[in-house]
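Trainee: This is the structure I have questions about; it appears just below.
The values are calculated or read from the model by the stated rules, or taken from the named source; none is laboratory data. Bear in mind the structure is a predicted one, so any value in this text is a computation, not a measurement. Cβ atoms come from the backbone with ideal geometry, glycine included; neighbour counts cover every protein chain shown.
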Amino acid sequence: MKVRTEVWTSGQLVCADTMAQLRKQGFAGRYVVMESVERDLLQHVRNSLACTSKPFGGDAQADTPRTAPAASFDVYQGNYLGSISTGLKVLWNTAAYHYKARSPEFKSWTLNKDVQMSRVPNGCELFSHASCQDSLFLTWDKPADIDVSVLAGMEKINARLPGVTPVWVVVPNRSTAYLYPNKKFWEAAEQRVRAPNLLRMTQQAIKAKKVDLYPANNTHFSTEGHLMMGEATLAAMTAAPTPAKP
């Protein structure tokens with residue numbers, strides 16, 4: 001299977017003429033996989049539906065070789081690459097966190113408008129970092145479920161892609177996986193647009209005590225999580241009906 005990757009940040013929305021643009025570039029594939037992190041899905045769908053035409057531009061970053069992830073690391077090793085002011089801020093935040101985390105009632109601490117540290121049930125069975133009972137989360141990741149009305153927009157985008165099988169892959173927010181796992185959107189998306197149920201996948205992995213499914217300092221899957229997502233995506237592709245030839 002040959003794969004070509006583009007990224008949302010390159011402005012590659014799924015516009016009304018996207019299929020024509022892809023064919024113009026020589027694309028002869030049978031599948032178009034659209035991956036979005038949960039927090040960005042609504043915006044990606046809205047922006048795509050509002051787009052009637054956009055020349056295919058591509059993004060050099062999509063073709064940049066990636067270095068292999070570290071196979072092992074010292075969880076107690078400091079990071080001294082930042083400025084002195086950054087180091088002082090980290091020292092202050094670390095001291096404040098350890099003071100607050102000692103309380104038996106500790107549940108969450110908001111560091112700033114973007115980041116919070118929250119207690120995770122059985123965290124030390126799920127994370128390898130030193131303070132494994134807690135983990136970092138984005139403050140704008142909310143407990144509320146994705147509005148299922150977005151599925152109608154996803155169906156409209158699918159209709160823009162004749163001759164291929166469109167597959168939506170929605171990655172649960174890190175907070176959804178560990179703090180708010182009872183959302184129902186993925187069940188609806190599985191039924192309406194045949195999206196792989198990645199929330200079910202993450203819950204099965206967490207139940208099996210998969211360590212670092214999401215790394216300590218990242219909001220997306222780890223390498224192992226990406227491999228699991230790839231298997232789920234491939235299963236959704238092969239289970240989908242074969243599209244009619246354009």
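Trainee: For Asn197, which of the numbered conditions (1) surrounded by 14 or more Cβ atoms within 10 Å (Cβ to Cβ); (2) modelled with pLDDT under 95; (3) not hydroxyl-bearing (Ser, Thr, Tyr) fails to hold?
Mentor: (2)
Trainee: Which one is surrounded by the most Cβ atoms within 10 Å (Cβ to Cβ) among residues in segment 45-58 that are touching a helix residue (DSSP H, G or I) at 6+ places or on another chain (Cβ under 6 Å) and of a type outside the set (A, V, I, L, M)? Before you say what the answer is, go through the steps one by one.
Mentor: Going through segment 45-58, the residues touching a helix residue (DSSP H, G or I) at 6+ places or on another chain (Cβ under 6 Å) turn out to be 45, 48-49, 56.
Right, trim to of a type outside the set (A, V, I, L, M) and you get 48, 56.
On the way: Ser48: 22, Phe56: 16.
Only one residue tops the list, namely Ser48.
Trainee: Tally the residues that are loosely packed, with under 15 Cβ neighbours inside 10 Å and closer than 16 Å to Ala177 by Cα, restricting the search to segment 120-131. Write out each step before concluding.
Mentor: The first filter runs over segment 120-131 and keeps only residues loosely packed, with under 15 Cβ neighbours inside 10 Å, leaving 121-122, 124-125, 128, 130.
This time we only want the ones that are closer than 16 Å to Ala177 by Cα, so: 121-122, 124-125.
Looking only at that region, the number is 4.
Listed here are the residues, each with its yes/no results for (1) at pLDDT 85 or above; (2) more than 17 Å from Pro166 (Cβ to Cβ); (3) buried (at least 18 other Cβ atoms within 10 Å of the Cβ).
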residue	(1), (2), (3)
Met19	yes, no, yes
Leu22	yes, no, yes
Gln25	no, yes, no
Tyr31	yes, no, yes
Met34	yes, no, yes
Arg39	yes, yes, yes
Ala60	no, yes, no
Thr67	no, yes, no
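Trainee: Right, here's the next one. Pull up segment 208-245, narrow it to residues that are touching a residue at least 12 places away in the same chain (Cβ under 8 Å) and charged (D, E, K, R), then point me to the one that is farthest from Val115 (Cα to Cα).
Mentor: For segment 208-245, the residue satisfying everything is Lys245.
Trainee: Looking at segment 204-231 only, could you name the residues that are surrounded by fewer than 17 Cβ atoms within 10 Å (Cβ to Cβ) and outside any loop (DSSP other than H, G, I, E, B)?
Mentor: Gln204, Lys207, Thr223, Glu224, His226, Leu227, Gly230, Glu231
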